[in-house]
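Below is one structure, written out as structure tokens; the observations come after it.
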Amino acid sequence: MASVFSRKSGGRVGASLATPTLLIATLAVLTVGVEFASADSASAKGNEGTRTHVVEIRQFKFFPATLDVKTGDTITWKNLDAAPHTATAIGQAWDSGKLSRNQSWSLKITGKGTVEYICAYHPAMKGKIVVK
Ligand code: CO
């Protein structure tokens, strides 16, 4: 206690108080900037550099019809049509099941290669995933 009091009330009070105040203000700005940067990269790329891709289903088509992804990425299909649809791999390695209007279904990509898929209700609806 004695040493703290003696520092604050000692010699060049003006200079010793002004300098720490400036340092604290600068650090606070830098910290805010870093927090924004890390939040942005986390939402765009996920924890391990992976991404989430969205395929919209509208007007009886998949958008985009062909999607390039990487292993570890996630694909989310969202049905924007009034009619129900599915995203069903040819060979049925995976199947969203019935997606009503505004329903979504997600698939995490674990392998490599090209997979073609259709809507089980409307087989003319075709999509393709290319995993690199
Ligand atoms: Co369909």
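The values are calculated or read from the model by the stated rules, or taken from the named source; none is laboratory data. Worth saying up front: this structure is predicted, and the values here are computed from it rather than measured. Cβ sites come from the backbone with ideal geometry, for glycine too, and all protein chains shown count toward neighbours. Quick note on the areas: whole protein, heavy atoms, side chains included, nothing else; ligands and nucleic acids left out. Shrake-Rupley method; radii C 1.70, N 1.55, O 1.52, S 1.80 Å.
Residues that are away from the ligand (no atom under 16 Å from the Cβ), within 22 Å of the chain's Cα centre (by Cα) and either at pLDDT below 95 or loosely packed, with under 13 Cβ neighbours inside 10 Å (or both) do not occur anywhere in segment 81-99. Among residues of segment 65-80 being outside any loop (DSSP other than H, G, I, E, B) and not charged (D, E, K, R), the one that is surrounded by the fewest Cβ atoms within 10 Å (Cβ to Cβ) is Thr66.
Residues in segment 51-80 that are without any contact (Cβ under 8 Å) to a residue 24 or more places away in the chain and within 11 Å of the ligand (Cβ to nearest atom): Arg58, Gln59.
For segment 115-132, the tally of residues that are away from the ligand (no atom under 13 Å from the Cβ) and open to solvent by less than 90 Å² (accessible area, probe 1.4 Å) stands at 5.
When segment 100-114 is filtered for residues that are open to solvent by 40 Å² or more (accessible area, probe 1.4 Å), touching a residue at least 24 places away in the same chain (Cβ under 8 Å) and assigned to a loop (DSSP other than H, G, I, E, B), the ones remaining, listed by number, are Asn102, Gln103, Thr110, Lys112.
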